[in-house]
Structures are given as C-alpha cells and as structure tokens.
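Only the coordinates and a few stated rules stand behind these numbers; no lab work does. If you're wondering where the values come from, they're calculated on a predicted model, not measured in any experiment. Backbone-built Cβ (ideal geometry, glycine too); neighbour counts: all protein chains shown.
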Amino acid sequence: MLKIENLHAKVDGKDILRGLTLEVPAGEVHAIMGPNGSGKSTLSYVLAGRDGYEVTEGSVTFQGEDLLAMDPEERAASGVFLAFQYPVAIPGVSNLQFLRTALNSIRKQKGEDELNAAQFMKLAREKAKLVELSPELMKRAVNHGFSGGEKKRNEIFQMAMLEPSLAILDETDSGLDIDALRIVSQGVNALRGTDRSMLVITHYQRLLDHIVPDVVHVLVNGRIVRSGDKGLALELEKEGYEKVRAEARA
Amino acid sequence: MTETAPQDAAITEALSRKYDAGFITEIEQDQAPPGLDENTVRFISAKKKEPEWLLEWRLEAFRRWQKMKEPRWAKVDYPAIDYQAISYWAAPKSDADRPKSLDEVDPKLLETYEKLGIPLHEREALAGVAVDAVFDSVSVHTSFRERLAEVGVIFCSFSEAVQEHPELVRKYLGKVVPTTDNFFVALNSAVFSDGSFVYIPPGVRCPMELSTYFRINAANTGQFERTLVIADRGAYVSYLEGCTAPQRDENQLHAAVVELIAHEDAEIKYSTVQNWYPGDETGKGGIYNFVTKRGLCDGDRSKISWTQVETGSAVTWKYPSCILKGDDSVGEFYSVALSNHAQQADTGTKMIHLGKRTRSTIISKGISAGRGQQTYRGGVRIGRGAEGARNYTQCDSLLIGSECGAHTVPYVEVRNPTAQLEHEATTSKIGEDQLFYCRQRGLSEEDAVSLIVNGFAKQVLDELPMEFAVEAQKLLGVSLEGAVG
Ligand SMILES: Nc1ncnc2c1ncn2[C@@H]1O[C@H](COP(=O)(O)OP(=O)(O)OP(=O)(O)O)[C@@H](O)[C@H]1O
Ligand SMILES: [Mg+2]
C-alpha cells in the first residue's frame with residue numbers, strides 16, 4: 001500500500017527527515033511514536049503534499065504510484081487522508097457544506113457521480129453516529145470555536161465520510177477525554193479493513209490499547225530507529241526514549 | 001488602518017481570469033453624437049417627451065454641474081474623464097414599438113441574458129420575480145405588471161412614471177439626493193436617460209421581489225440611471241438590482257442615482273449584485289462606477305436595508321446611506337466588495353441618526369486579491385436630537401496574496417451623549433493552512449479559495465433573497481478564478 005524509501009525532507013532549509021524508510025502493507029495499522037520534534041508531523045505533511053515541505057531525496061510509492069508527483073488534492077482523491085494534529089477552522093463554512101464539497105470533488109476526480117443532497121445527508125447521519133458527533137456540530141462552521149476534543153472527533157468524522165485507503169492520524173488522541181478516546185477509537189476500528197491502511201502517530205500507549213497496531217515504529221531525528229510489535233510501545237512507556245536514542249547514536 | 005498581506009508564494013501567481021459576460025450584442029443603436037451642453041439636455045428631455053418642469057429641473061442641475069469639480073477624495077486612481085467625449089443618449093431601435101410579451105423581445109437581447117445565465121422566462125416561472133430589464137438607456141421589458149397593479153403597486157421604467165404618474169415623480173424626485181449633492185449626482189440629474197420607479201401604496205406588502213438587470217452596451221455611452229423607490233405608510237418591498245456589462249477597451253462611466261423613501265412603519269430592502277466588467281489584468285477597459293444611493297427613513301419605525309455584493313467595475317465609488325429621520329427607524333448596510341487584479345473600490349456607508357432611538361447596523365466585508373485595492377469608508381453621525389441612538393459597525397477585510405491592500409476609514413460624529421456606538425474591525429488573510437486543509441480533503445485550490453471567501457462573506461450573503469444568494473456565491477467564485485496559482 002505505502003512504501004517510503006530513504007526519505008529526506010527539508011522545512012525552511014532545515015533537514016527534518018533524514019533517510020526514513022517505512023512500509024505499510026494493505027490492511028495493517030502501524031503506530032509511530034517518537035520524541036517531540038522528531039519529525040512525525042513533518043512526515044504526515046510530506047505524505048499529504050504540503051507546500052514548503054521539500055523532499056530532497058528518496059521516494060514514496062502509494063498503491064504503486066509515485067505519491068510525491070501528485071498535488072495534495074490528487075493525493076486526497078487517490079485515498080490519502082490526514083487527520084491533523086491541529087485541525088484548521090474555516091469560519092462561515094458549515095461542516096456539512098465543507099464535507100459535501102470535499103466528497104464531491106473527490107468523487108469527481110475519480111470519475112464518479114456526485115452525491116445529491118439527500119444521499120449525502122443520509123451518509124453524514126450514519127457516519128456521525130459512528131463517532132457520536134452531535135447534529136449541532138455537523139452544522140457549525142468547520143472547527144470554528146470547537147473545543148480541542150471536538151476538533152479531533154470531527155477529523156475522524158471526516159475520515160469516516162471520505163473512506164480513505166490510507167489514513168494518517170497525527171496525535172488524534174491528544175486532547176480527548178476518556179470517553180471520547182474510546183468513541184474515536186471505536187470509530188477508527190470500525191474503519192479498519194483489508195483494503196485500508198493506517199499510520200497512527202501518538203505519544204501514548206493507552207491509545208494503542210484501543211487501536212491495536214500491527215507494528216510500532218520509533219522515529220528519532222528524522223529516522224525510524226526501531227520497529228517492533230505492540231510490546232515496543234509498552235517498553236517505551238516504561239523506559240522513555242533515552243535507550244532508543246542511545247541505540248540510534250551508536 | 002492599512003494592511004498588506006505578507007509574501008505568500010502559493011497565492012501570488014497567475015491572476016488570470018476571463019470575464020464571463022464579456023461579449024457585445026449587435027443591436028442597432030439610435031445614438032446621439034458625443035458632447036454635453038444645454039442642447040444635449042434639451043435633446044434628451046425632448047426625446048423622452050418630458051414635461052416642462054422636468055426639463056427645467058435638468059437644466060438647473062446642468063448649470064450647477066458646470067460649476068462643480070469632480071471629487072478626488074476617494075482612494076481611487078483613474079485617468080481624467082473627458083465628459084465631452086461621451087454620448088449621452090442611446091436607445092435600442094425597437095423602442096418605438098415596445099414588446100408586449102417575451103415573444104416580441106429582440107431575440108438578440110434575450111440571447112444576451114441567456115449568456116449571462118439569467119434567462120428571463122425561467123426567472124419569471126421559477127422565482128416569480130418581476131423583471132424590468134434596462135438595456136442601455138431604455139427599459140425594454142417589464143413583466144408581472146398586471147399582478148402588481150392589482151394590489152396597486154407601481155413598478156415601471158422611470159420614463160413611464162414621468163408620463164403616467166408625474167405627481168408622484170415630481171413630489172419625490174431629488175428629495176433624498178438633491179441635484180447639487182455631488183458632481184456625479186448633478187451630472188446624472190441633467191442627463192439621466194431612464195431607470196426604475198417603484199411605488200408601494202399604504203399597507204401593501206409587495207407580493208414579489210422586484211428586480212432590474214442593468215447592462216451597458218453601446219460603445220462610448222455613459223449610463224445614467226435613476227431609480228426611485230417609495231414605500232408608503234406600512235408598506236414593504238424588496239428590490240433587487242443586478243448588472244453586468246460586455247468587454248470593452250475604453251472605460252465606461254456609470255453614474256447612477258438611487259433614492260429610497262420609507263414612510264411610517266414602511267420597510268425597503270434594496271439588494272444589489274454588481275458585476276460590471278472590471279477591466280483586464282492591468283485594469284484596462286473596465287467600468288467606472290460612481291453611484292449615489294441614499295435612503296430616507298422619513299416616518300417613525302421605518303426601516304431601510306442595503307445589501308450589496310460588489311465584484312465588478314475597474315473603479316467603484318459608492319456609499320449607500322440612510323437618513324434615519326423618523327423616531328425608532330432602522331438603517332442597515334450589508335456589503336461584500338471584492339477587488340481582484342487592478343480593481344479599486346472605495347465603498348462604505350453613511351448612517352445619519354436624527355430621530356430618537358434610531359438604530360443602525362453596518363456589516364462590511366472587503367476581499368482583496370491580486371493588486372486590488374479596497375477602502376471601507378463609513379460614517380456614523382448622531383444628531384443632537386437622536387436620544388438613545390445606537391450603531392453597530394463591523395468591518396472585516398480578507399486579503400488574498402501579497403500585493404493587495406485593505407484600508408478602513410471610519411468617521412464618527414456624535415452630538416448626543418446618550419448614543420451608543422460599537423465598532424469592530426478585523427483583517428485576515430487566507431491562510432496557507434486553510435488552503436492546505438481544504439486541498440487535503442480533495443478541493444482544488446480555486447474551490448478552496450471560493451469556499452473560504454464565501455464563508456467570510458456569509459453574514460452578508462445570508463441577507464440576500466434566496467435566488468440572488470446562490471448567484472452571488474457563484475459570482476464570488478468566478479471573480480476570484482486565478483487568484484491563486
Ligand atoms: N516551518 C518550520 N521551520 C523550521 N523548523 C520547522 C518548521 N516546521 C517544523 N520544524 C521543525 O521540525 C522539527 C520536527 O517537527 P514536527 O512537527 O514534525 O515534530 P513532531 O515529531 O510532530 O513533534 P510533536 O510530537 O511535538 O508533535 C521540529 O524541530 C520543528 O521545530
Ligand atoms: Mg507533531
């Protein structure tokens with residue numbers, strides 16, 4: 001599904017990713033952990049194609065295609081979804097209007113018919129239930145005045161609506177209360193499937209109790225320094241990053 | 001307050017947009033030679049078989065105009081206009097025998113509306129809108145007249161009103177905007193060719209939205225519209241004005257005058273979507289739009305609201321205003337103005353509070369892209385007698401790219417200590433983070449800009465009648481095509 005090889009990327013002239021290699025087969029959920037500033041969000045932006053994130057070396061293949069050659073909206077249409085660490089507000093544009101425009105532009109790019117208002121609303125109600133998003137929030141302006149937790153829940157609602165083949169969740173768990181964490185995780189788990197891969201960026205093992213990963217990677221200084229099964233997350237939780245940092249330096 | 005957006009590589013490029021309404025209809029014109037003197041004024045008045053008093057009124061305005069100077073205080077920059085190079089009279093040839101129904105309308109003309117996406121018959125059927133279409137200087141099509149006549153509403157071209165309801169015209173013409181108000185008003189008063197007239201009798205709620213489409217067509221023809229809307233005691237009317245013009249190389253002058261009068265308990269809602277040719281990327285060839293619009297809340301508890309979406313013209317100079325004379329009267333101004341490429345807009349409103357407990361609301365949304373320059377100029381005046389008057393002003397600017405500018409010039413004059421005024425202003429720019437967020441969800445950059453801009457303007461668009469709001473939304477998108485690259 002996703003194959004990243006020796007990826008180097010710069011932001012504002014500064015090297016952030018320095019030879020990152022990672023493969024996520026179809027149907028798997030991989031977690032990425034790592035200290036603050038190690039490059040996790042940078043990786044998610046590079047994969048989504050954000051301006052200013054300059055790839056200097058390496059390659060990213062997604063479903064057999066060169067992901068780096070595509071515009072952000074083309075990546076979205078081909079199934080890449082990023083749940084933002086800091087979701088952005090768009091005042092005056094209702095959540096539903098935004099999603100309908102998004103969904104229909106993706107469908108259009110894929111050569112599918114646009115959904116009419118009734119079809120769209122039916123889908124939206126269904127998916128809102130999945131993440132227990134209140135109808136009031138669906139109608140409000142995109143992330144405008146949303147609480148931190150509401151924004152994160154809204155990201156998962158959008159993911160459920162757009163049904164991506166690769167979902168990158170950047171710290172979706174931070175800011176969620178205990179109930180919300182469970183609800184959001186249920187939402188994510190409901191979307192797991194053989195044709196869908198996920199990259200879950202998190203700082204906390206507790207998310208991985210809910211969303212059980214196939215593989216856990218540790219990102220330090222722009223490189224994957226260790227990979228393992230879910231036990232690795234537990235180990236990190238106990239011992240911190242010092243040991244892996246030391247290993248990486250060695 | 002002056003702000004310019006910082007450099008943003010993603011949105012500085014390619015401000016290349018083609019004007020959708022840029023075509024010219026070939027209809028034979030009955031046109032006067034260029035030039036302006038007393039004879040021109042007499043010629044126009046005679047052509048229109050006007051009564052003596054109106055000719056005198058025009059001549060008086062003309063004499064005053066000759067002594068006046070073109071105003072230059074607005075923050076707009078354009079080459080000097082040669083008023084002697086303009087032709088002041090043009091009428092479609094078919095005017096002599098006016099069509100009784102759509103079937104009789106010049107097919108070329110209908111085609112023109114078709115191209116603009118405003119087919120008359122469809123609008124009539126779908127929206128129940130009565131349309132008084134002004135093509136160049138003479139009104140050529142009026143519909144739903146009979147239905148309106150049943151309830152006593154008069155909706156006709158200005159020239160018809162002069163012939164058929166001279167007492168009303170004479171009573172109200174120039175009462176809100178005196179001929180000497182400013183240079184362009186004096187000019188308009190001298191040479192106005194036609195326009196619309198609306199009278200709603202006491203207690204009548206006009207059964208449909210009234211609408212007019214203006215177009216400027218003939219080369220070198222100045223357009224001088226005159227609109228007069230009167231809502232008598234307890235009456236209500238919603239009037240829609242929309243316009244667009246074909247592509248031209250020479251700048252065309254438009255100096256309209258709109259007067260609104262609301263008597264006791266009456267309400268007038270006046271909405272405008274303005275989409276005249278803005279000129280090419282360098283500003284060459286656009287329309288100069290110098291308009292004077294003013295409403296008088298004459299009676300107690302009367303209300304006037306102006307809603308405008310301004311996307312066109314090379315230069316816009318426009319300040320729809322309210323004189324709140326009646327006690328408890330209400331004035332509102334909702335505006336979206338967009339300037340892209342080399343467009344310049346200096347627009348705003350004036351709220352003049354004279355009566356007790358008068359209230360006014362001003363919501364202005366300015367959008368600048370390309371090298372567009374935008375000035376909000378707003379005045380709030382509270383007179384000595386305006387006990388307990390209140391004003392709320394909100395003035396937001398949105399910048400797209402790094403070469404445009406937004407400026408806010410508020411004037412406030414308070415002569416009664418019991419008045420309450422509130423003013424809020426914000427300037428923001430379309431953020432790279434917003435654009436990226438939208439694109440990550442599958443929107444193209446242009447759709448993203450259009451969505452964000454429509455969100456920004458929502459508060460104002462919500463004030464427009466339904467069918468107009470949809471059109472206005474489309475227009476904002478079209479006007480910004482190529483604003484990001
Ligand atoms: N625009 C920028 N200019 C300069 N440095 C940047 C820029 N954006 C990110 N960085 C730097 O890149 C490094 C990686 O940032 P990134 O946001 O990817 O970290 P992260 O692993 O997601 O951290 P966190 O766990 O705190 O979210 C940080 O040192 C950050 O300061
Ligand atoms: Mg991060």
Legend entry - Summed side-chain charge close to B:G442 - residues other than B:G442 whose Cβ falls under 10 Å, Lys, Arg +1, Asp, Glu -1: +3
Legend entry - Residue-by-residue Karplus 3J(HN,Hα) for segment B:405-422, coefficients 6.51, -1.76, 1.60, Hz, glycine and proline x: x, 9, 9, 10, 10, x, 10, 10, 9, 10, 10, 9, x, 7, 6, 10, 10, 10
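So which of B:K67/B:K325; B:K75/B:K458; B:K429/B:K458; B:K171/B:K318; B:K69/B:K284 end up more than 19 Å apart by C-alpha?
Values: B:K67/B:K325 31 Å; B:K75/B:K458 26 Å; B:K429/B:K458 16 Å; B:K171/B:K318 25 Å; B:K69/B:K284 25 Å.
In this structure, B:K67/B:K325; B:K75/B:K458; B:K171/B:K318; B:K69/B:K284 exceed 19 Å between Cα atoms.
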Legend entry - Shielding of A:74-80 by partner chains, average beta-carbon count, 10 Å: 2
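Between A:T56 and A:S227, what length comes free when the chain is fully extended (0.36 nm per residue of separation minus the Cα-Cα distance, one decimal in nm)? Spell out each step's value before the answer.
Working: separation 171, 0.36 × 171 = 61.56 nm, distance 2.44 nm.
Here the answer is 59.1 nm.
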Inset, instruction - May I ask you to list the lysines whose Cα is less than 20 Å away from that of A:K10, ignoring any residue fewer than eight positions away on the same chain? - result: A:K40
Legend entry - Centroid-to-centroid separation of segment A:109-179 and segment A:207-250 [C-alpha atoms, Å]: 29
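Using a cut-off of 12 Å between beta-carbons, work out the net charge of the residues near B:G295 (Lys and Arg +1, Asp and Glu -1, B:G295 not included). If you can, show how the numbers build up before the last one.
Values: positive: B:K175, B:K269, B:K293, B:R294, B:K303, B:K325, B:K350; negative: B:E259, B:E267, B:D298, B:E332.
Taking every other residue near B:G295 into account, the sum is +3.
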Legend entry - Average Cα contact separation per residue, segment A:2-249, under 8 Å, 6 or more apart, as relative contact order %: 28
Inset, instruction - Would you mind checking which residues have amide H under 5 Å from B:K293's amide H? H placed 1.01 Å from N; only 5 or more apart, or other chain. - result: B:V258, B:Y319, B:S321
Inset, instruction - Using +1 at the Cβ of each Lys and Arg and -1 at the Cβ of each Asp and Glu in segment A:189-250, identify which of A:Y204, A:V220, A:G240 lies farthest towards the dipole's positive end. - result: A:V220
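Mind putting a number on the dipole of chain A about its Cα centre? Charges go on the C-beta only, +1 for Lys and Arg and -1 for Asp and Glu, and I need it in Debye to the nearest 20. Let's see the in-between values first.
Numbers: 31 positive and 36 negative charges, 91 e Å.
The calculated dipole for chain A is roughly 440 debye.
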Legend entry - FRET efficiency for A:S174 and B:R415, using Cβ-Cβ distance with R0 set to 45 Å, rounded to 0.05: 0.20
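Averaged over peptide A:176-187, how many Cβ atoms belonging to another chain are found within 10 Å of each residue's Cβ?
On the way: counts 0, 0, 0, 0, 0, 0, 0, 0, 0, 0, 0, 0.
The shielding value for this peptide is 0.
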Inset, instruction - Lys and Arg at +1, Asp and Glu at -1: add these up for the other residues within a Cβ distance under 10 Å of B:I323 and post the number. - result: +3
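Count, for each residue of A:87-96, the Cβ atoms from other chains sitting within 10 Å of its Cβ, then give me the mean as a whole number. Don't jump to the answer; show the numbers that get you there.
Values: counts 2, 9, 5, 10, 8, 12, 9, 2, 0, 0.
Going residue by residue through A:87-96 and averaging, the value is 6.
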